[in-house]
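*Asks:* Take this structure, written in structure tokens, and hold onto it; I'll ask about it next.
The values are calculated or read from the model by the stated rules, or taken from the named source; none is laboratory data. Source: prediction; values computed, not measured. Cβ sites come from the backbone with ideal geometry, for glycine too, and all protein chains shown count toward neighbours. Each accessible area value is taken on the protein alone, full model and side chains, heavy atoms only, with ligands, DNA and RNA left out. Shrake-Rupley method; radii C 1.70, N 1.55, O 1.52, S 1.80 Å.
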Amino acid sequence: MKLDKIIVASGNKGKIREIREIFTDVEIVSMQELGFSDDIDETGKTFKENAKIKAKTIAAKFNMPALADDSGLCVEALHGAPGIYSARFSGEGDKANRDLLLKRLSNITDRKAYFESAVCLYFPNGKKFFGEGRTYGRILQEEIGENGFGYDCLFYSDDLKKSFGLASAEEKNSVSHRYRALSDLRGKI
């Protein structure tokens, strides 16, 4: 299926940049560029449900294909938390989220974790496609690196053998959960 233009149902500049770097053959437009800045209630109980809610909302609003990602960090010792609440774990932004995560893991030695992403490409006619991806690693004892966004500087990638905070955009995109989900999606459309 040939796609010329997709609206990304996100206001996260880091996510939009990553999607543009991966979908180089499609015009990617953020919902803000089209004047939509309302919050979309993420009432789903999974990444996949939340991605569908966001993509469906934007596809209906603009009568165009919309792509949404819902993703987060899942820490095994915290029973998958912060999970679908990763962006609002502390309620106070990225730095506070990282600080809270480090505090919750302060006495825990098993720091295995993974980033998970679910993406949904939703068409105005109701047709939809999903992709899912994970990347595995562990949570570091402290922030290392300044690249990326969110929890990247705390996540040691098993694939890259370094913090996502030290990885270039190209390195991270080659192994990231979002890259894997988008690749999974592209294989289905």
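*Asks:* Mind checking the angle between helix 47-62 and the chain's longest principal axis? C-alpha axes, 0 to 90 degrees, to the nearest 10.
*Replies:* 30 degrees
*Asks:* Additional query: Can you pull the accessible area of Arg138 for me, 1.4 Å probe, Å² to the nearest 10?
*Replies:* Here the residue's solvent-accessible area equals roughly 100 Å².
*Asks:* Quick check on packing: order 46-57, 20-31 by the mean number of other C-beta atoms within 10 Å, highest mean leading.
*Replies:* Working: 46-57: 21.7, 20-31: 15.4.
Highest to lowest by the protection proxy: 46-57, 20-31.
*Asks:* Of the options Asn63, Ile84, Ala113, report the single residue whose Cα projects farthest towards the positive end of the charge dipole of segment 46-189 (beta-carbon charges: Lys, Arg +1; Asp, Glu -1).
*Replies:* Comparing the listed Cα positions along the dipole, Asn63 ranks first.
*Asks:* At a 10 angstrom cut-off on C-beta neighbours, averaged per residue, how do the peptides 68-81, 94-107 rank from highest to lowest?
*Replies:* On the way: 68-81: 20.9, 94-107: 14.8.
Taking the mean over residues of other Cβ atoms within 10 Å, the ranking is 68-81, 94-107.
*Asks:* Any idea what angle helix 94-104 forms with the longest principal axis of the chain, computed on alpha-carbon atoms, 0 to 90 degrees, nearest 10?
*Replies:* Orientation of helix 94-104: about 40 degrees from the principal axis.
*Asks:* In degrees between 0 and 90, to the nearest 10, how far off the longest principal axis of the chain does helix 13-22 point, with axes built from Cα atoms?
*Replies:* That works out to roughly 70 degrees.
*Asks:* Let me ask something else. About its Cα centre, how strong a charge dipole does segment 1-76 have in debye, to the nearest 20, once Lys and Arg get +1 and Asp and Glu get -1 at the Cβ? Show your work: numbers first, answer last.
*Replies:* Working: 12 positive and 14 negative charges, 38 e Å.
Computed about the Cα centre, the dipole is about 180 debye.
*Asks:* Taking the Cα centre of the chain as origin, work out the dipole magnitude from +1 charges on Lys and Arg Cβ and -1 charges on Asp and Glu Cβ, in debye rounded to 20. If you can, show how the numbers build up before the last one.
*Replies:* Values: 30 positive and 29 negative charges, 102 e Å.
Here the chain has a charge dipole of around 480 debye.
*Asks:* Of the cross-linked pairs Lys52/Lys103; Lys2/Lys172; Lys48/Lys95; Lys5/Lys188, which ones have a Cα-Cα span greater than 24 Å in the structure shown? Present the calculation step by step, with values, prior to reporting the outcome.
*Replies:* Numbers: Lys52/Lys103 32 Å; Lys2/Lys172 27 Å; Lys48/Lys95 26 Å; Lys5/Lys188 17 Å.
As for pairs spanning more than 24 Å Cα to Cα, those are Lys52/Lys103; Lys2/Lys172; Lys48/Lys95.
*Asks:* Sort 145-157, 113-125 for me by packing, meaning the mean count of neighbouring Cβ atoms within 10 Å per residue, highest on top.
*Replies:* Details: 145-157: 20.3, 113-125: 22.5.
Sorting 145-157, 113-125 by mean packing, highest first, produces 113-125, 145-157.
*Asks:* Any idea what the dipole of segment 114-185 comes to, in debye rounded to 20, about its Cα centre with Lys/Arg Cβ at +1 and Asp/Glu Cβ at -1? It would help to have the intermediate numbers written out before the result.
*Replies:* On the way: 9 positive and 11 negative charges, 73 e Å.
Charge dipole of segment 114-185: 360 debye, to the nearest 20.
*Asks:* Return the label of the correct value of volume of the Cα convex hull per residue in Å³, as calculated from the structure shown, out of (1) 176; (2) 124; (3) 108.
*Replies:* This structure yields the entry labelled (3).
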